[in-house]
Each structure stands twice: as structure tokens, then as C-alpha cells.
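The values are calculated or read from the model by the stated rules, or taken from the named source; none is laboratory data. Quick caveat, the model's predicted, so the values are computed rather than measured. Ideal geometry is used to build each Cβ from the backbone, glycine not excepted, and the neighbour counts take in all protein chains shown.
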Amino acid sequence: MNAEPSIQSKLLDLAAVDAELSRIEHRRKVLPEEQEVQRLEAERTARKDAAVKVEILIDDLDRDIRKLEGEIDAVRKREDRDRAMLTSGSVGAKQLSELQHELTSLERRRKVLEDDEIDVLERREAAAADHAHAGANLDQAEQDLIDAERRRDDAVADLNVAQQRCESDRKALAGGFPADLLAAYDKQRASYGVGAALLQARRCGACRIELDRGEIARIAKTAPDVVLRCPECNSILVRTKHSGL
Ligand SMILES: [Zn+2]
């Protein structure tokens with residue numbers, strides 16, 4: 001394949017634009033702002049789970065409190081009934097003793113239930129504090145996520161602008177090449193990542209391999225309009241006045 005040296009050297013401009021497009025594509029894949037969004041999404045999920053866990057605990061404790069209050073109330077009613085009977089003067093000695101005995105055990109039972117209730121109320125109070133804390137944590141995580149998403153969107157918008165600029169540069173450049181040369185370049189770029197590179201200081205600019213003296217001597221004798229390929233990576237090797245031939 002042949003092409004004017006001036007046309008060949010334009011391949012280096014195209015390669016520079018394509019390298020920038022590759023950098024943009026890579027940056028899009030490893031965007032730190034996106035990684036931060038993902039980290040904060042996981043954080044928000046964890047904090048939401050923590051808040052829900054506390055809410056479930058509070059529901060359980062409220063149910064325990066209602067149950068204990070019901071039991072205490074029932075014991076208290078029975079105590080009242082027993083006391084009323086005791087003071088009515090209408091019970092016999094045997095029943096009197098039974099009532100006193102029952103009152104003692106009811107009082108003991110009520111004390112145990114009341115102690116249990118105090119214990120549960122304390123846990124309920126601690127859970128309420130935990131809930132407030134978890135809610136504040138969740139609010140903070142949500143705010144952090146909104147901020148991170150905005151930074152991510154800004155970064156993506158910057159990449160989009162850069163990509164559009166490169167694509168329009170590429171379009172303008174691509175129009176200046178013969179179809180066969182551009183096709184050869186694109187094919188090489190698709191398979192190797194780089195389509196064309198400068199030959200400089202005996203090295204291929206794409207694979208960085210140093211060509212042996214025999215190869216360099218052969219290249220130096222090749223007509224300038226012949227399109228050369230790197231013997232190592234097959235990239236189009238562009239010769240310019242910087243090639244040092
Ligand atoms: Zn090479």
C-alpha cells in the first residue's frame with residue numbers, strides 16, 4: 001500500500017485522537033465518582049437496614065409493654081377484688097386465710113411483672129435513642145449519595161463533552177485519508193488497540209520494540225510513500241523527520 005508521506009504523518013494525529021478516545025472510554029469504566037456513588041449506595045442500604053432493625057425491635061418492645069401492662073392490670077384487679085372481699089366481713093376464717101395467702105402471691109407476681117416492665121421500658125428508651133441515631137445516619141447517607149451523584153453526573157458530562165470533541169476531530173481527520181489506508185488503520189486499531197505510530201529512535205511507538213539494524217537499514221531504503229508495518233505489532237509505522245533515519 002502506498003500513501004503520500006504527508007498523508008501518512010496525519011495518521012499520527014488520528015492515532016492521538018483515538019488514544020484520547022480510548023482514555024475517555026477507560027476513564028468512564030473506572031470513574032472514581034461512579035465508584036463513590038456505588039460505595040454510598042451500599043452504605044445507604046446498610047444504614048436503612050440498621051434503621052429498620054431498630055424499628056422492628058421497637059415494635060417488639062411495644063408489644064411486650066402492652067402485654068405486661070395487661071397482665072399487671074389483671075393482677076391489680078384481682079388484688080382489688082380480694083381486698084374488697086377481705087374488708088366486706090362476709091368471709092369465713094378459712095376463706096380469709098386463703099384470700100390473704102392469694103393476696104401475698106398476687107403482690108409478689110405484680111412486683112415481678114412491674115420489674116419486668118421497668119426493664120422493657122428502659123430497653124424501649126435505649127431503642128428510641130438508637131432509632132433517632134439510625135435515622136440521622138440514614139439522612140446523612142442519603143445526602144452524601146445525592147452529592148456524590150451530582151459529582152458523578154458532572155464528571156460524566158465532562159467526559160461526554162471531551163468525547164464529542166474527539167469524535168468530531170476524528171470525523172474531520174478521517175475524511176482526509178484514502179479509503180484503503182483508513183481501513184488498514186482501523187483494522188489494526190481494532191485488533192491491537194493502536195493503528196499507527198511514529199518510528200523514532202529505532203522503536204515502534206506502538207509496541208516500543210526496538211527494530212534491529214537490518215530492519216532499520218531496509219526501512220531507510222524504502223520509498224517514502226510505501227506504507228510500512230511494524231514487524232512486531234503490525235501497526236502502521238510512520239516515518240517523519242523525527243524518525244532519525
Ligand atoms: Zn510495533
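Looking at segment 1-58 only, could you name the residues that are in a helix (DSSP H, G or I), of a type in the set (Asp, Glu) and over 26 Å from Ala136 (Cα atoms)? Within segment 1-58, Asp13, Asp18, Glu20, Glu25 qualify. The single residue among Ala134, Ala155, Ala179 that is within 30 Å of Val17 (Cα to Cα), crowded, with 16+ Cβ neighbours inside 10 Å and not charged (D, E, K, R) turns out to be Ala155. Only residues that are crowded, with 16+ Cβ neighbours inside 10 Å and over 38 Å from the mean Cα position of the chain (by Cα) were counted across segment 115-131, and they come to 3. Gly205 passes every criterion in (1) surrounded by fewer than 19 Cβ atoms within 10 Å (Cβ to Cβ); (2) closer than 18 Å to Tyr185 by Cβ; (3) within 11 Å of the ligand (Cβ to nearest atom); (4) not hydrophobic (A, V, I, L, M, F, W, C) apart from (1). Scanning segment 211-244 for residues that are within 16 Å of the ligand (Cβ to nearest atom), in contact (Cβ under 8 Å) with a residue 40 or more places away in the chain, part of a loop (DSSP other than H, G, I, E, B) and not β-branched (Val, Ile, Thr) returns Cys233, Asn234, Ser235, Arg239. Considering the conditions (1) hydroxyl-bearing (Ser, Thr, Tyr); (2) at pLDDT below 95; (3) surrounded by fewer than 12 Cβ atoms within 10 Å (Cβ to Cβ), Thr240 is excluded by exactly one of them, (3). Scan segment 177-194 and tell me whether some residue there is within 16 Å of the ligand (Cβ to nearest atom) and in a loop (DSSP other than H, G, I, E, B). Within segment 177-194, one or more residues are within 16 Å of the ligand (Cβ to nearest atom) and in a loop (DSSP other than H, G, I, E, B). What's the total number of residues in segment 131-166 that are of a type in the set (Lys, Arg) and over 21 Å from Arg39 (Cα atoms)? Count: 1. Pairing residues of segment 70-90 that are farther than 13 Å from Glu107 by Cα with residues that are surrounded by 14 or more Cβ atoms within 10 Å (Cβ to Cβ) and not polar (S, T, N, Q), at Cβ distances under 8 Å and at least 6 apart in sequence or on separate chains, gives Met85/Val91; Met85/Leu99; Leu86/Leu99; Leu86/Leu103. Just one of the numbered conditions (1) at pLDDT 95 or above; (2) more than 26 Å from the chain's Cα centre (by Cα); (3) among the small types (Gly, Ala, Ser); (4) surrounded by fewer than 12 Cβ atoms within 10 Å (Cβ to Cβ) is not true of Gly92: (1).
In segment 22-49, the residue that is farthest from Glu125 (Cα to Cα) out of those that are of a type outside the set (Val, Ile, Thr) and over 19 Å from the mean Cα position of the chain (by Cα) is Ser22.
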